[in-house]
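Data first, discussion second: the structure below is written as structure tokens.
A short reminder: the numbers here are calculations on the coordinates, not readings from a lab. Remember, predicted model here, so these are calculated numbers, not experimental data. Glycine gets a Cβ as well: all are built from the backbone with ideal geometry, and neighbour counts include every protein chain shown.
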Amino acid sequence: MKDIAIVDPYPRTMELIFSKPKLNELKNKFKLIFAPKTNKQKFYINNIHKAKFIIGQPDLPKFLLMKAKKLKAVINVESNFLDNMDYNYCFDKGIHVIATSPVFSKPVAEIALGFTLSLLRNIHGANQDFINKKEKYGLDGNLKSSLLSDKRIGLLGFGDLGKALVPLLKPFSSKINIYDPWIPNKKIINQGFKPITLKKMFKECEVIYV
């Protein structure tokens, strides 16, 4: 008999979350029960005891989780960790709450770099000036501009997003400083970066990613 996975991926769809081969693999390995769009609490009261996995981020108060004797993991499809489930109970009972942040880290890192270059070179401001027929050229158009090259960069946190940013930032600057209270300084140093205090980061770094 196949293990049961409850599918409740709103606001995403299964086709957006999984590639076709992976979705087919999921369907072959598990019996999927799809949550309705309405009367969800009643659905979970009647079905959560059957589930080994939940794909989604539904409201899961303690009284529901207490019924979930088989539950091994909740796969949060937005990685936003809403305050809608009893995380302490999950931790105590060994129910993993899994984020999909590695999936989003690269596209978010790329757009963060794009925003950085736009801010430093005033691209967005120049575009607005052009729309308003007030564009400036030469020196006048670059008075607010600055280079990312050789800047002192600070990463406030070194999780999936920070790790995705590093290879994009290295061509611009080797001065990458990291503050992350959850990672030992020795580990940061071993990866070739400089650990820094939060106070020092805001005082010394010229570009900071939060």
Open item on the list: Anything in the stretch 166-200 that is touching a residue at least 40 places away in the same chain (Cβ under 8 Å) and closer than 17 Å to residue 116 by Cα? List them, or say none.
Closed with: 168, 169
Open item on the list: Any residue at all in the stretch 136-154 that's of a type outside the set (Asp, Glu), under 30 Å from residue 22 (Cβ atoms) and within 20 Å of the chain's Cα centre (by Cα)?
Closed with: no
TODO: State yes or no: is residue 73 under 23 Å from residue 176 (Cβ atoms) and within 21 Å of the chain's Cα centre (by Cα)?
DONE: no
- [ ] Scan the stretch 40-60 for residues that are in a loop (DSSP other than H, G, I, E, B) and surrounded by fewer than 19 Cβ atoms within 10 Å (Cβ to Cβ) and jot them down.
- [x] 59
TODO: Check the stretch 189-206 and report whether any residue there is closer than 30 Å to residue 79 by Cα and assigned to a strand (DSSP E or B).
DONE: yes
Task: Those residues of the stretch 136-147 which are touching an Asp or Glu at 6+ places or on another chain (Cβ under 9 Å) and either of a type in the set (Lys, Arg) or surrounded by 14 or more Cβ atoms within 10 Å (Cβ to Cβ) (or both), in sequence order - done: 136, 141
Task: Count of residues meeting criterion [out of contact with any Pro (no Cβ under 7 Å at 6 or more places or on another chain) and either part of a helix (DSSP H, G or I) or farther than 22 Å from residue 44 by Cβ (or both)] in the stretch 1-17 - done: 3
Open item on the list: Any residue in the stretch 1-30 that is among the hydroxyl-bearing types (Ser, Thr, Tyr) sitting within a Cβ distance under 9 Å of a residue that is in a strand (DSSP E or B)? List the pairs, counting only those 6 or more apart or interchain.
Closed with: 10/56
Open item on the list: Anything in the stretch 70-79 that is within 13 Å of residue 102 (Cα to Cα) and not hydrophobic (A, V, I, L, M, F, W, C)? List them, or say none.
Closed with: 76, 78, 79
Open item on the list: Within the stretch 88-111, does at least one residue satisfy the condition of being in contact with a strand residue (DSSP E or B) (Cβ under 7 Å, 6 or more places away or on another chain) and in a helix (DSSP H, G or I)?
Closed with: yes
Open item on the list: Condition (residue is touching a Ser or Thr at 6+ places or on another chain (Cβ under 7 Å) and touching a residue at least 40 places away in the same chain (Cβ under 8 Å)) applied to the stretch 120-132: is it met by at least one residue?
Closed with: yes
- [ ] State whether one or more residues within the stretch 157-180 are exposed (fewer than 15 other Cβ atoms within 10 Å of the Cβ) and of a type in the set (Gly, Ala, Ser).
- [x] yes
Open item on the list: Is it the case, given these coordinates, that residue 155 is touching a Phe, Trp or Tyr at 6+ places or on another chain (Cβ under 6 Å) and of a type in the set (A, V, I, L, M, F, W, C)?
Closed with: yes
Task: Top-ranked residue of the stretch 91-135 - restricted to ones that are among the aromatic types (Phe, Trp, Tyr) and either surrounded by 15 or more Cβ atoms within 10 Å (Cβ to Cβ) or under 22 Å from residue 206 (Cβ atoms) (or both), ranked as nearest to the chain's Cα centre (by Cα) - done: 104
TODO: Scan the stretch 91-111 and report the pairs whose first residue is under 22 Å from residue 165 (Cβ atoms) and free of Cβ contacts under 8 Å to residues at least 60 places away in the same chain and whose second residue is surrounded by 15 or more Cβ atoms within 10 Å (Cβ to Cβ) and of a type in the set (Ser, Thr, Tyr), with Cβ atoms within less than 6 Å and a gap of 6+ or a chain change.
DONE: 99/79
- [ ] Mind telling me which of the residues 63, 81 ends up being assigned to a loop (DSSP other than H, G, I, E, B) and either free of Cβ contacts under 8 Å to residues at least 60 places away in the same chain or surrounded by fewer than 16 Cβ atoms within 10 Å (Cβ to Cβ) (or both)?
- [x] 81
